[in-house]
Structures are given as structure tokens and as C-alpha cells.
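Beneath this line is the structure, given in C-alpha cells, with notes to follow.
A short reminder: the numbers here are calculations on the coordinates, not readings from a lab. Note that the coordinates shown come from a computational prediction; the quantities given were computed from them, not determined experimentally. Please note: Cβ atoms are built from the backbone with ideal geometry, for glycine as well, and neighbour counts cover all protein chains shown.
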Amino acid sequence: MPGVLEVWLATPLLTLLSPDDQKRIHTDSLRVLEEVGLQILEPQALEILTGHGARVDRARQRVHFPPDLVTASVARAPHAFSLFSRDGAREIRLRQGEVYFTTNGYAVHLYDPASGVRRGIQQKDLAWVTQLADSMDQIDFYSVMATPADAPPETNDRYQLAISVANTTKPIWNTAYGPEGVRDAVAIGTAVRGSRQALREKPLFTLDLTTLSPLQLDERQAGTMIEGARQGLPIGISPGPIAGATAPVTLAGTIVQANAELLGAITLVQLVQAGTPVVFTQYTRSLDMASGGVTMGGPEFALFRIATAEMARFYDLPSRGGGLIADGKACDAQVGAEKMLNVLAASLAGLTISAGAGFVDFINTIRPEQLLIDNEIISQVRRLRRGITLDGGSLALDVIAQVGPGGNYLAQDHTASNFRSELWFPKLWDRKPWSVWEAEGGKDVARRAAERLQAWSPKVPPLTEDVERAVWDVVREADGKVARPR
Amino acid sequence: MHELLKTVYDDVINGDRPAVEAGVRAAMEAGQPVGSILSEALIGAMKEVGERFERQDFYVPEMLVAARAMQAGLTILKPHLVQAGVPAAGKVVIGTVKGDLHDIGKSLVGMMMEGAGFEVIDLGTDVGPEKFGEAVRTHKPQLVGLSALLTTTMQNMKATLEALEDLGVRDQVKVMVGGAPVTDVFAKEIGADGYAPDASRAVTLAKSLL
């Protein structure tokens with residue numbers, strides 16, 4: 001039973017779908033899973049699901065999920081779990097009622113503010129942006145930001161995790177390529193924590209996996225999920241259907257389909273290992289009908305985030321989605337408005353994790369100055385979520401009486417002792433008088449952020465030599481296996 | 001800095017008024033020179049407060065409670081300073097100009113000026129040009145500070161400067177102006193000697209004008 005405080009914390013500030021709407025999305029998702037089913041291109045997964053009473057059409061690799069099996073499996077996923085920092089001291093508790101903010105994954109480009117050029121991301125760039133994200137006070141944990149082009153494609157996941165553990169102390173939202181990738185990730189985590197048992201007790205990273213919309217699980221993703229569950233790793237399953245292309249153009253239809261994909265994958269994971277922590281993630285988005293490309297910055301993206309938050313609450317699972325995503329490319333008003341729209345909707349609706357900090361251009365390009373701007377946006381959102389405190393001290397009747405008509409409150413002790421907690425303070429936003437702002441060069445926020453960036457330097461302490469060596473041994477061994485002909 | 005002075009210094013920064021009063025008395029009883037208590041502990045602390053404010057480590061309310069704590073210490077010290085012949089850093093007459101009832105910004109400047117060791121004569125709000133003139137004649141300050149919050153009342157800064165001219169006292173004082181709508185350019189246009197955008201920078205300006 002949650003206490004009063006927990007109930008209050010879990011109450012969203014923004015709601016969209018009524019309890020009946022949520023129930024309907026749930027039952028319609030179950031119908032899709034039973035009647036249409038998921039195509040799963042992984043033989044083990046078919047065995048596991050058949051063994052638990054799912055009807056499998058082997059010719060089409062199509063799994064029809066019995067509704068009771070789905071609801072019973074989803075109910076086995078824990079309502080809360082924790083990730084821990086590299087030194088094990090900081091805990092991030094993922095559950096309904098908390099909100100967290102993070103970067104995003106899978107960028108292939110980096111914009112260099114000094115030269116104004118966008119280029120492919122190399123390993124050293126990934127190390128640098130990881131350090132930068134680590135230094136942002138509003139970023140709660142680190143989502144591995146990029147796929148470096150100078151690392152081999154087959155073992156890129158090992159490089160990503162190795163670079164991440166060396167350059168951030170924050171918990172890591174990570175991915176893995178297939179069962180061997182999962183085992184290598186565990187080996188890297190074990191090297192950092194000191195033992196397999198220590199990694200089990202204090203998880204350092206998750207596995208970020210996805211479905212293949214519409215209604216498919218490919219061999220690698222399904223194989224990774226199965227091995228991840230066997231290894232007891234927390235798993236984020238993240239369908240990203242595109243309304244109008246890989247999902248119905250109607251938002252409700254896309255939500256139902258994404259929900260079905262997610263419930264199907266959670267069912268598989270829980271059948272492999274009941275109690276595997278999962279994060280209810282959706283990157284539902286829509287097609288830009290002008291170009292045939294994707295859009296992730298518009299109001300429907302914000303509506304999808306609210307729906308994800310609400311359906312996750314329906315199942316009482318921690319949730320995740322793109323909260324700081326934008327279509328725009330520059331650090332300009334468009335990107336700011338897109339990000340604020342999405343993160344505000346997501347956070348007020350109670351999405352546990354909003355991802356996307358530091359990204360522009362959908363999820364393609366890292367823009368380092370934008371990370372500083374996003375840090376400021378997140379700080380504002382946190383203040384907004386704290387709401388208005390109503391108690392004897394905050395209602396301030398004593399002070400109102402004491403100051404009286406025509407007086408001023410500025411010199412009151414009540415002001416001095418409460419203003420820091422009541423009022424929000426910018427680090428990057430400009431509030432100076434015009435004359436001062438002008439005298440300092442009349443700079444916009446992008447310029448100020450770029451200048452801060454120039455003054456910034458990496459500070460994350462390196463791993464010990466032994467750990468560093470053990471981590472890279474795992475990477476090299478994986479490369480060796482790939483190079484060897486089978 | 002002597003340990004007793006350092007305590008007062010820290011208490012001023014923390015805005016702990018009773019502690020500053022007790023600390024100043026303790027320092028005097030221990031035989032610390034009143035000039036040192038003033039310059040090292042009180043003015044030194046307010047200088048640090050001003051720097052913190054400019055770095056945005058401190059905000060207006062914290063600057064105010066520190067200034068109030070400093071004033072409390074100064075009140076105890078004052079008779080002894082006169083006796084010991086310790087001069088003030090300078091004398092300044094301040095006020096919000098005619099038609100304008102806004103008090104906060106001007107008072108803040110006054111407190112910070114006191115914190116820097118100035119003797120401050122605060123004429124209050126809605127102060128007519130002739131009243132500023134009289135005050136200059138009576139108190140013989142080196143500085144006059146004019147405040148206005150409204151675009152409509154800032155024109156009265158010009159009228160005040162003209163009144164000082166008419167009374168023949170304009171060249172005896174430096175005039176500084178400030179307030180939300182006031183700019184550097186406006187200050188030059190009306191013939192003021194300086195403009196500061198906030199209370200801490202007003203102190204720096206005042207020192208540079210002496």
C-alpha cells in the first residue's frame with residue numbers, strides 16, 4: 001500500500017485519457033495480440049511462448065497471445081527498480097511518481113560549435129560528449145549517445161559501453177547486440193563493479209531494445225531480450241511505430257499498436273524470467289507527410305508522450321520516452337519550443353524518464369551547446385512540477401500583517417529564508433537589464449551556451465588501470481570472435 | 001584578520017544581526033581598534049557580499065539581510081568612530097525623484113553604500129528637485145543618487161539636475177542615476193555623472209566618482 005506522500009507524488013499534473021479510455025486501449029491491444037499476433041523471427045522465443053500456451057503459426061512465425069497469458073505476465077514485472085552510479089553511491093529509483101531526465105541514444109552526427117561543421121561521430125567524440133553529459137547537474141543518468149563510426153559495426157555496442165563507463169559516473173542506459181553482446185555487457189559491468197554479484201545487487205546499466213513495427217520482433221532484438229532476462233538485466237522495450245507509415249495514422253490506432261507490441265515483448269521477457277525489471281517505453285511518432293520522413297517535434301509527439309505515461313501508470317510500471325526531442329537543427333526558437341512542448345507534456349503527465357537532452361535533428365545529431373540549454377529547460381520543468389506549497393509558512397499571513405499596506409517584503413527574514421526554495425534561478429537564461437545585456441555583447445542563448453562550452457573541461461575520474469584493462473579485454477575478445485571465420 | 005573580526009565578518013555575510021551586534025561588542029571589549037572593526041569586519045564583509053551578488057552566488061534578499069546586520073553593527077560602532085576620528089568613506093544623499101513612490105531599489109543602494117562605509121542621507125520617495133538642492137546645501141555630500149522606476153518620472157531626474165544648477169550647487173557634487181528604465185545613454189543625455197544598473201555596481205561607481 002502506498003503512503004499518502006507516494007499517492008500524492010504519483011498524481012499527474014496533466015491527464016488526457018480517462019480510466020475508461022486506458023482500459024479500452026488495454027483491451028484493444030490484447031485483441032490485436034490475440035487475433036493478429038506478433039511475428040517473432042527468433043526460434044527460441046517461439047518455443048518459450050508455445051510452451052506457455054500461445055498459439056503459434058510456425059509457417060508465418062506468427063504468435064497469437066492468449067489475453068490471460070499477457071495480463072498475468074505483465075503483472076509479474078516489478079513496479080520499481082534501481083540503477084546505481086559507477087561508484088555505487090547514488091541510486092536512481094525508477095517507478096511511478098518520479099521523473100528523470102537523460103540524453104538519447106544512437107546519434108551518428110556531431111555538430112561542432114567551434115567550427116560550425118557537422119561531422120560523423122568517432123570514439124573520441126563519444127567520450128567527450130559523455131563527459132559533457134556527466135557534468136550536467138540536471139541529467140540524472142546517461143543514455144549512450146552515439147554509434148561511433150570508427151568502431152566495428154558488429155561489436156559497436158561493446159565500444160559504446162566501454163567508452164561510457166570510462167567517461168561517466170552516472171548510471172547508463174545502454175543497448176546490446178544479441179545474446180553475446182548481453183554477456184559482454186555483463187562482463188564489462190562486472191569489471192566495473194568488481195564482481196558479478198555486486199553488479200546484480202547494484203545494476204549499472206539497462207538494455208534498450210525495440211520492436212520492429214508493425215507487430216514484429218526481429219531475431220536480434222528478441223534474442224537480446226531473452227538473454228537479458230536470463231542475466232537479470234533491467235530491460236527497456238521501446239516500440240517506435242510511425243503514425244501513417246508503420247502504424248495507423250490515427251493517434252489512437254498507433255497507441256493501441258505500440259501498446260500491443262510492448263505487451264507482447266514484456267510477456268516474452270517475463271516468461272523467460274519472471275520479475276525482470278522492464279521500462280514501459282514508447283517512441284510513437286508520426287510521418288511528415290510533406291517529405292515522407294519522420295517527425296518527432298510536433299504536438300502529436302507530445303500527445304503520444306502523455307499516452308505513454310498514462311498507459312504505464314495503468315500497468316504501474318516505470319516509463320520512458322523522448323521528452324527533449326526536436327525536429328529543428330539550430331539552437332533556435334523552434335528547437336526550444338519543440339523541446340519545451342514535449343518535455344512539459346511528458347513530465348506533467350508523469351513520464352518517468354524523458355530522454356533526448358543534447359539532441360537536435362530528430363535523434364540524429366548531437367549538438368553540445370543544446371545540452372546546456374536542455375539542462376536549463378529541465379531545471380525549469382522540475383520547478384514547475386514542484387507546484388505551489390500551501391502551508392502556514394507559505395501562506396505568510398504573519399508577514400502580510402507585519403509589512404502592511406505600502407511596505408515592502410524584500411528585507412523580511414521570511415523572504416531571505418524562503419526565496420531560494422520558492423523561486424527558480426536561471427543559470428543560462430538572460431534576465432539582465434537591456435543595457436547590461438547589450439554591453440556584454442547582446443548574445444543570444446546559443447552564443448552564451450557555446451561560450452560556456454569553450455570554458456568547460458572534462459572532469460570525470462578515469463577507471464583504475466586494472467578495470468580499464470579488463471573492460472577493453474572484453475571489447476577486444478569480442479572483436480576477435482567476429483574476425484575469426486566460423 | 002583577527003579571529004574576533006573574522007567572526008563578525010562571517011556573521012555579516014550570513015546576515016545574522018544579533019551575532020554581529022554581540023561580535024562587535026566583543027571585539028571592542030577585547031581592545032580591537034574601531035577603525036579595524038569597521039574596515040576589515042563590516043566593510044570587508046559587505047565587499048564580499050557585493051562580489052557574491054555580482055557572481056549571482058548571492059541574491060537581493062541575502063544582500064539585504066547582510067546589509068541590515070552590518071548596519072546593526074555600525075550603530076554600535078558609530079559613537080566610537082566619531083570619538084576616534086575615523087572618517088566615513090564619503091557622504092551621499094539619495095532619494096527617489098518627484099512623482100515616484102518606489103522605494104526598494106533606492107533603499108537597496110543606500111544599504112549597500114552604508115555597507116561600503118559611506119554616510120547615507122536617505123530623503124525617501126517622491127522627493128522634489130528643490131528638496132534635493134536643500135539637502136546638498138545642508139549636508140554637503142560628495143554624491144547625490146537619484147532613483148526612478150517609471151519612464152514618466154525619470155524625466156524628473158533632469159529637473160532635479162537643473163534645480164541643483166539653479167541653486168549653484170551642481171559643481172559641488174557628483175550625481176549618479178539608476179532605476180529600471182534608466183540607461184547609460186539617458187544618464188549622459190541629462191548630464192548626470194554616472195549610471196549603475198544595480199546596487200552593488202552603484203557602490204563601485206560611487207567609489208570611482210570620488
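Observations on the model:
- Pairwise inverse Cα distances across the stretch A:406-486, averaged and inverted, put the Kirkwood hydrodynamic radius at 19.1 Å.
- The stretch A:77-386 shape via C-alpha gyration tensor axes, a/c threshold 1.5: rounded
- All alpha carbon pair distances within chain B were sorted into 5 Å bins beginning at 0; the resulting P(r) in whole percents reads 1, 8, 16, 18, 18, 14, 11, 7, 4, 2, 0.
- Proportion of all alpha-carbon pairs of the stretch A:12-72 beyond 15 Å (%): 55 percent
- Along each principal axis, Cα extent of the stretch A:232-360, largest first, Å: 46, 26, 22
- Annotation: amide H of A:Y283 within the under-5 Å range of A:G240, sequence separation 5 or more or interchain, hydrogens built in the peptide plane.
- Cα principal axis extents for the stretch A:387-452, largest first, Å: 46, 27, 15
- Less than 5 angstrom separates the built amide H of B:D100 from those of B:D126, B:V127, all sequence-distant by 5 or more or on a different chain.
- The alpha carbon convex hull volume per residue for the protein assembly as shown rounds to 206 Å³.
- Cβ-derived FRET efficiency at R0 41 Å, A:D87 paired with A:R447, nearest 0.05: 0.70
- With kT/(6 pi eta Rh) evaluated at 25 °C and eta = 0.890 mPa s, and Rh the Kirkwood radius from Cα pairs, the stretch B:123-167 diffuses with a coefficient of 226 µm²/s according to Stokes-Einstein.
- For the stretch B:1-124, the C-alpha radius of gyration sits at 1.05 times the compact-globule guess of 2.2 N^0.38 Å, with N the residue count.
- Inter-label distance, A:I400 to B:K78: 3.5 nm, where each label sits 7 Å from its Cα along the C-beta direction.
- Its DSSP H runs of at least 4 residues, each contributing -39,500 (n - 2.57), put the calculated 222 nm mean residue ellipticity of chain A at -14500 deg cm²/dmol, to the nearest 500.
- Per-residue ³J(HN,Hα) for the stretch A:47-55, Karplus 6.51 cos²θ - 1.76 cosθ + 1.60, θ = phi - 60°, Hz, x for Gly and Pro: 4, 4, 6, 4, x, 9, x, 6, 8
- Per-residue Karplus couplings for the stretch A:289-294, computed as 6.51 cos²θ - 1.76 cosθ + 1.60 with θ equal to phi - 60°, are listed in order as 5, 7, 10, x, x, 9 Hz, Gly and Pro entered as x.
- Long pairs among A:K427/B:K47; B:K98/B:K131; B:K106/B:K131; B:K78/B:K131; B:K91/B:K140; B:K131/B:K158, criterion Cα-Cα beyond 19 Å: A:K427/B:K47; B:K78/B:K131
- Since only A:M289, A:S29, A:P66 are under comparison, the one whose Cα sits farthest along the positive direction of the charge dipole of chain A, derived from C-beta charges on Lys, Arg, Asp and Glu, is A:P66.
- With the convex hull of the Cα atoms taken as the outline of the stretch A:151-196, the averaged projected area works out to 3.2 nm².
- Value of [θ]222 nm, deg cm²/dmol, for chain B, DSSP H segments ≥ 4, -39500 (n - 2.57) each, nearest 500: -17000 deg cm²/dmol
- Size descriptor, Kirkwood hydrodynamic radius, that averages inverse alpha-carbon separations across the stretch B:90-209, Å: 13.5 Å
- Label-reachable residues, the stretch B:89-118, where backbone N falls under 16 Å from a point 7 Å from B:A159's Cα toward its Cβ: B:95-102
- Length gained when the stretch A:D68-A:R386 is fully extended (0.36 nm per residue, less Cα-Cα span): 110.6 nm
- Panel order for A:W173, A:W429, by other beta carbons found within 10 Å of each beta carbon, from fewest to most: A:W429, A:W173.
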